[in-house]
Every structure is written in structure tokens, then in C-alpha cells.
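Structure record follows, encoded as C-alpha cells.
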Amino acid sequence: MTINEKLTFFVELLRCSHNIFLWSYTPDLKLLSTNCPPEVSMGEMISLADFSSAVAEYAGRGGIYPFVLDTLPGLLYIAGFEYHDNILQRIHILGPASTGKNSHILLRKELDRRNLSVRLRSVIFRYIDQIPLIPTTQFFQYAVMFHYCISGERISPEDIQFAKGNSGPVSDEIQLISGEHRGIWAAEQSLLRMFREGNPDYKKALERSSSLSSGVKFDTGDTIRQQKNSLLVLLTLCSRAAIEGGLNPSVSYTLNDYYAGMIEECRTTASLSSLARDMLDDYMQRVRRARSDNGLSPQIQSACDYITMHPRDNFRIADLAERSGYTEYYFSHKFKKETGTSVTDYIRKVKIDHAKTLLGGTHMSIQEISDELGFASRSYFSSSFQKETGISPSEYRRQNLKL
């Protein structure tokens, strides 16, 4: 079968259950073909959805994996990329789909705020109620199959890429599905056991758990809120499993608070999905480090944990020694012998690591970050940061700002 024949067959299978359409474009996004009704102008729809620039930017970077696009509230599309001899030939877009039952209402409100022609407005409104409701986990499975039809390559949902920087709330990943919670407990325990063990293959268990449940089965009337609630539950479960796996409780609880705040700041399905991956990977790496034999005595390990969890404090070695029950001289000697670094250097490294988070995840000025972390001056902070990382704080922010 040719790629066209595979895609036609695949979309016809989907349309047995969902009223979903396929568009094929040249690499510069000129429409080649579509099975969408002729009265709907895809050119106007792309302009309205405002995702053409995101597709072009991703294709320009040589993107090969399915690209999920958040557009107007509650609408998702999948972009697939057809290559021959490493040269992009066509871009295929599948959609739209809605992932929450209140998405149609949100979409109408969004359209009311746009300056649309009467004709385009009437056409869009006519089709809003026909847009299929598809749980995001199922939609991601469609993306995997879509990619296989185009490339013949088998991938997993972990390989799916997301558009970044879209504005406005969009759909959630959680759908209320009636029925029993059959198999969820076992899948959840398998996932948590992997976190306790520091097993990096946890992603397979996560996929298994996600295939059985889309999350919290409570209809808040706000689909993005449902996805946040479900991710918060996953965060709590994994943070407790990480403690059981050997991660210091103070570290785990502080990470929990940090990621809970990040979850609340997210506004799109794409940003939440991306954050979930980063969050789980962070916990897994920390558990693996905690489970490794670091050869530290309980007193020195406790001191390291205390420093790590209080990066804003102005530490005095005498105070740390007193907490450990040692004299200052003996504590400093023992600390360097066990960790391989001086107390002062360890404190500076912890502060610089925290500065990286503030530089990449906040709009705080460099002076404010310097003051926040207790450096004597901005120049001393900058020189310490440069010594630790090899680049200046401003250059680090330029390369890593995630806002």
C-alpha cells in the first residue's frame, strides 16, 4: 500500500467512530488534498487556529515525530511528517478533536471574541457540535498509529512532541469514563514499585496505567482543571513512593510543593504533558542517586540534606557542626573526607543549582536572585555562577528560560 492508501484507510477506520478529517500539505503548507467537506475552507481554519507557524517551525528543525497542536479552547490536531531520503515531502494534519465535554462552550466563547466574517462564523458554528470528543490518551494512541501509516516506524506515546507557547486554556487529558476501575490498582502499584526501586523503565508502567484510567473521575466542569487534579494526584503518589525508595522526606516534600506550583501555572495540555515528563524523570533520578551507596555517615548526610533544602539560608559552618554534634574543625574535616569537597564549596554548589531553577523558571532579576540566595553582592554571585557552570547567569537564562 502507498502512504496515501494507508492514510485513507486509517482515517476511514477512525471515521467509523469519530467525525475527524485529514489534510495534506506541501512543506510550505500549501493545501494538496483533504477529505473535509468543501464548504469548510481549511486555509481559513488554519489561519483561525493559528498553528501554521508552529508546524513550520517544527518542520524546519527536522521534526519527524507526531506533533500535537493545541489550538482554540478544547481543540487538538496531530501533524505528521512524510520524508523521502531525509527530505520533507508532505505534512499531514489530522483533526480536529475535542477532549472535554465543555470544550464546545469554551470554543464558542473564544470565537465570540474574534473578529470573524459572518460567513466564516456561521460555517464554524455549524461544525462545532460535530467535532468529536476523544480522550487525550486515546488521541495520543491515534498519533502513534498516524505516524506508523506515514513512516512505517513503531513509536510510543513518549515520542510525541508538543507545540509550545500557545496561549489560552485548552483541553485536558482526563475524561470521565463510567465503569469499574478494573486493573487500575495493580497497574498503579507496579508504577509506584518502580519508583521505589529507581527502575528507569517506569514509563512502560505509566503507559499501562494511563491506558486503564485517564485520571480523577470527577467532573469539575473545567477540563484543564481535571487534568491538573490528576497530575497533582500522580505527583503526590510518586513523591511518597520516592520517600519509600530512599529519597530524603524533606527533599521529596519540597519537590512536591515546587511541582504543584508549576502545575498550577500551566495553561495547556502540551505544557502539562511536558511538565509531567520532567517531573517524573526528576524524581526517578533523585531516587536512583539516593539508593546508590554514597558512603556518607548519617551525620554528614543529614548536613548535606539540610543544606540542600535551605538554599536561601546564610550558613555558618559552626552552626552546621553543632547540628551534627561535632566541633567545627572535626565537622569540616569529616565533611571533606566523606564528600570530597569543602563545606563552603558544597554550599555554593547547592545555591548555584537553585539559582539555575530561578533563572530558568522565574522573571526575578539577577540582583533579586543574588539577594534571595544570600550572596554578598551581584558580582560575587555572577563570578560564583560562572565558576560553577562556565557561563554567566544572564547567558544561562537566555539558553534555559522556560516561561
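All of the numbers you see were taken from the coordinates with simple rules; none came from a lab. Keep in mind that this is a model prediction, so the values were computed, not measured. So basically every Cβ, Gly included, is an ideal-geometry build from the backbone, and we count neighbours across all protein chains shown.
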Task: Highest to lowest packing among 320-333, 227-240, scored as the average C-beta count within 10 Å - done: 227-240, 320-333
TODO: Mind giving me the nanometre distance, one decimal, between the label points for D201 and D313, set 7 Å out from Cα along Cα→Cβ?
DONE: 4.1
TODO: Output the pairs from K336/K356; K203/K337; K203/K334; K203/K387 with a Cα-Cα distance over 29 Å in this structure; if there are none, say none.
DONE: K203/K337; K203/K334; K203/K387
